[in-house]
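Quick notes on the structure that follows.
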Number of protein chains: 2
Amino acid sequence: MTDDADQQGSAEDLLIARYFRPLARDPGAFALTDDAAVLSPPAGCDLVLKADAIIGGVHFLPDDPPEAIAKKALRVNLSDLAAKGAWPLGFLLSLALAKEVGDDWLASFARGLKDDAEHYACPLFGGDTVRTPGPVMVSIAAFGAVPHGAMIRRSGARPGDLVVVTGTIGDAVLGLRLRRDPDEAARLGLDPSKRDHLIARYRLPQPRNAVAAVMRRYASAAMDVSDGLAGDFAKLCRTSQVDGVIEAARMPLSHAAQAALAAEPALLAHLLSGGDDYEIVATVSADHIDALIAEARAVGVRVTEIGRIEAGAGRAQFLDAEGRTLVFARQSFSHFD
Amino acid sequence: MTDDADQQGSAEDLLIARYFRPLARDPGAFALTDDAAVLSPPAGCDLVLKADAIIGGVHFLPDDPPEAIAKKALRVNLSDLAAKGAWPLGFLLSLALAKEVGDDWLASFARGLKDDAEHYACPLFGGDTVRTPGPVMVSIAAFGAVPHGAMIRRSGARPGDLVVVTGTIGDAVLGLRLRRDPDEAARLGLDPSKRDHLIARYRLPQPRNAVAAVMRRYASAAMDVSDGLAGDFAKLCRTSQVDGVIEAARMPLSHAAQAALAAEPALLAHLLSGGDDYEIVATVSADHIDALIAEARAVGVRVTEIGRIEAGAGRAQFLDAEGRTLVFARQSFSHFD
């Protein structure tokens, strides 16, 4: 054993110390010098647990900026915590690095992750870093907290509830189309600012953590919209064992998505089933909907009423402006269809 | 949206329901029908958090049995919990599946994982399953519990403490050599039962969770031995800011490893630096060592005294039978050397 190695540890230790130690500010992370971290959950709270991985070529494109990849990996998990009414406590990171990934990439990745860990008050608690012969994979397990028993479930929707959604739907799937096909913007008549808006919505989710406490106060059921509103809302209806009806004409769309839809009305089904929205779909009693919308607005999040819950066996329907049922070729994004 | 899809969900949902729902027995996992899980930590306890990933071609061989891959993925995390004195509460799984992975592989993987989740009382709380163009990757985040403030740190070793290790060291690195080179067993004069023992030790770690409570009671510092005893013990000495001396002649070796070492004495450095042992190295005051060894034996785990801690700046030394310092070409396994 050389003195050098004895003092410094392995290259893996050095990499962790250089890039990831600055993110591990919680005392329970022991500055990443121990094998595991310790977390004392807030008194009277449950922990909310979520793990989600993103992979190069599947969830992000290899030439996406490393900062954006890091942020997306954390934000897809933060979005689930928000939809469950939880506030973030921290996360674990498993990072598999492709051979071609060098110091510049890693420095940029760590910088993006640090920005978000600070912005969302969600520090790094630990994890591991390995080399892979395959594409980059970023696997994050995030922990949040809710008051005991207060996690918002998928299963709480009741007949008579109204359906709401945060933000706008369909931007990310349009953004991915624009990224993949440079001619698509011209075909849809989108100017550069609309095009850039949609691409940014694909690259960088805006999880609705600001509205988590409002959702916890009023929502009877909620989930994050990550695999397409059509399929995700169908899951909520199945789990709650209720029927749900959404009016597509009430769907909140960005100006850019409105312009694209005006140019190509057939895109509607894509917007509703495309995925990567990272908004929250929730149900709320008619008594509480005004308070939910007002309190969400007060924290900067637009919430739109889009439908209703009825008694039934778990069927979700989307109606067009004439009241006809929309039929989707594919309800939602799935890795195994 | 078809009635069929409405009733059953996506292929991804079906895969999760078929293979992984049976592992999610804790009520807080909601039978994997929600976006996140909820965990109420035991009163008065801290959570201990650990994430570790294993990758095909790096941490396991592509033709390893899927049951063994699943068990290894969970056990490398359980080993860390054990070394920290924690008992398991559950885990999250991120599974990236290569295109060639079919139903048989997945059924076998899930069966192995279920066996271990039950054996170690460590149920599945959630996670995600995605396709990858690369090799299979199994990323697990495991949660354990310790009484508040009782996690065993790396940093607690004090001058005068003795050094102990569980089980036997060096089997797994020999097992990997035997797996990679079919002629190695004959060269080392190992009969089939010795060869099989070493290969099994590589394929399937035996985490020392049985001894976690004993370690918590007596150990001043501990960590799991996963990257080679030489490097891992050096980390413990650095973090504790003490010097450590280990006598290689006292190292606990299996009969199979003893036979290999008799045939090729130069293997000693490999045994001490090879990795994949998943034993626990710990320090303990002289007052407590007899109790630690006796109580560990009572729960079926052999613990051997192998060295001592001295005042110093964080230097670890390994001495051979003549008291000379052993020099390692490479202290431990690292992905980035």
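The values are calculated or read from the model by the stated rules, or taken from the named source; none is laboratory data. As the structure is a computational prediction, the values presented were derived from the model and not from experiment. Here the Cβ is made from the backbone with ideal geometry for all residues, glycine too, and neighbour counts use every protein chain on show. Just so you know, the surface numbers come from the protein's heavy atoms only, side chains and all, with ligands and any DNA or RNA stripped out. Shrake-Rupley method; radii C 1.70, N 1.55, O 1.52, S 1.80 Å.
Note: region A:154-235, Cα convex hull, 112 Å³ per residue. Counting only heavy atoms of the protein chains and using a 1.4 Å probe, residue B:148 has close to 130 Å² of accessible surface. When the accessible areas of A alone and B alone are added and the area of the pair subtracted, with a 1.4 Å probe, the result is around 6500 Å², both sides summed. Over chain B, with a Gaussian network built from C-alpha contacts below 10 Å, which listed residue (B:123, B:182, B:65) shows the highest mean-square fluctuation? For chain B, modelled as a Gaussian network with Cα springs under 10 Å, the answer is B:182. Antiparallel beta bridges, as assigned by DSSP with both residues in the protein assembly as shown, represent about 75 percent of the total such bridges. Annotation: Cα Rg of the protein assembly as shown relative to the compact-globule expectation 2.2 N^0.38 Å equals 1.01.
Give the longest segment of chain A that steers clear of GluC sites (Glu not before Pro) in DSSP loops with at most 13 neighbouring Cβ atoms within 10 Å, not counting the sites themselves. Formally, the longest exposed-site-free interval is A:101-321.
What FRET efficiency do you get for residue A:158 and residue A:321 if R0 is 30 Å and r is their Cβ-Cβ distance, rounded to the nearest 0.05?
That pair, residue A:158 with residue A:321, gives E of 0.65.
Taking a ≥ b ≥ c as the square roots of the eigenvalues of the Cα gyration tensor of region B:106-212, is the shape rounded (a/c under 1.5), prolate (a/b larger than b/c) or oblate? Taking the square roots of the gyration eigenvalues as a ≥ b ≥ c, region B:106-212 is oblate.
Position residue B:321: other-copy label points at 9.0 nm, ordered by increasing distance, label point 7 Å along Cα→C-beta. Using a Gaussian network model of chain B in which every pair of alpha carbons under 10 angstrom is joined by a spring, one finds that among B:44, B:160, B:300 the greatest mean-square fluctuation is at B:44.
Counting Cβ atoms of other protein chains within 10 Å of each Cβ in A:116-126 and taking the mean gives 1. Residue of chain A with the Cβ closest to the rotation axis carrying A onto B, and that distance rounded to whole Å: A:134, 1. Considering only trypsin sites (Lys or Arg not before Pro) in DSSP loops that have at most 10 other Cβ atoms within 10 Å, the longest stretch of chain A without any of them is A:100-323. Given A:50/A:84; A:235/B:50; B:84/B:235; A:50/A:71; B:114/B:194; A:114/B:71, which pairs have Cα atoms separated by over 22 Å? Too far apart for the 22 Å limit: A:235/B:50; B:114/B:194; A:114/B:71.
With an 8 Å Cα cut-off and a minimum separation of 6 or more residues, compute the relative contact order for chain A in percent.
Taking the mean separation of contacting Cα pairs over the length of chain A, I get 22 percent.
Here the accessible area is traced with a 1.4 Å probe on the protein chains. For the protein assembly as shown, carbon and sulfur cover 51 percent of it. From the largest down, chain A spans 77, 53, 36 angstrom on the principal axes of its Cα atoms. At the residue level, residue A:120 shows approximately 30 square angstrom of accessible surface with a 1.4 angstrom probe and all protein chains present. Once both labels are positioned 7 Å from their Cα atoms along Cα-to-Cβ, the gap between residue A:18 and residue B:299 label points is 4.0 nm.
So how many Å³ per residue does the convex hull of the Cα atoms of region B:202-263 work out to?
125
Could you give log10 I(q)/I(0) at q = 0.33 Å⁻¹ for region A:157-196, computed by the Debye formula over C-alpha point scatterers of equal weight, without solvent? Relative scattering, expressed as log10 I(q)/I(0), comes to -1.14.
Could you size up the charge dipole of chain B around its Cα centre, putting +1 on the beta carbon of Lys and Arg and -1 on that of Asp and Glu, and report it in debye to the nearest 20? Mind dumping the intermediate values first?
On the way: 35 positive and 45 negative charges, 189 e Å.
Here chain B has a charge dipole of around 900 debye.
Beta bridges per DSSP, both residues in chain B: antiparallel share near 75 percent. Dividing the helix sum by the residues of chain B, where each DSSP H run of 4 or more adds -39500 (n - 2.57), gives a mean residue ellipticity at 222 nm of -10000 deg cm²/dmol. Put +1 on the Cβ of every Lys and Arg and -1 on every Asp and Glu Cβ in the protein assembly as shown; which of A:259, A:74, B:173 then has its Cα farthest towards the positive end of the dipole? Farthest along the dipole direction, towards plus: A:74. Count Lys and Arg as plus one, Asp and Glu as minus one, and take only other residues whose Cβ is under 15 Å from that of residue A:308; the net charge is then -3. Peptide A:151-164 has a mean of 2 when you count, residue by residue, the C-beta atoms of other protein chains within 10 Å of its C-beta.
Residues with beta-carbon under 11 Å from that of residue A:252, excluding residue A:252: net charge, scoring Lys, Arg +1 and Asp, Glu -1?
-2
Summing +1 for each Lys or Arg and -1 for each Asp or Glu, what net charge is found among the other residues whose Cβ lies under 10 Å from the Cβ of residue A:127? That sum, taken over residues with Cβ under 10 Å, equals -1.
Counting only other chain Cβ atoms within 10 Å of each residue's Cβ, the peptide A:94-100 averages 4.
Between copies, the label points at residue B:258 (set 7 angstrom from Cα along Cα-to-Cβ) are spaced 8.2 nm, reported in nanometres from shortest to longest. Heavy-atom accessible area for residue A:193, with the other protein chains in place and a 1.4 Å probe, reaches approximately 90 Å². Picking from A:47, A:101, A:86, whose Cα lies most toward the positive end of the charge dipole for region A:3-147 (charges on Cβ: Lys, Arg +1; Asp, Glu -1)? It is A:86. Between copies, the label points of residue B:63, set 7 Å from Cα on the Cα→Cβ line, lie 4.1 nm apart, reported in increasing order to one decimal in nanometres.
Computed from the Cβ-Cβ distance with R0 of 45 Å, the FRET efficiency linking residue B:288 to residue B:40 stands at 0.85.
By the Kirkwood approach, averaging reciprocal distances over each pair of separate Cα atoms, region B:3-147 gets a hydrodynamic radius of 15.7 Å. Using every pair of separate Cα atoms, the Kirkwood estimate puts the hydrodynamic radius of region A:162-319 at 15.8 angstrom.
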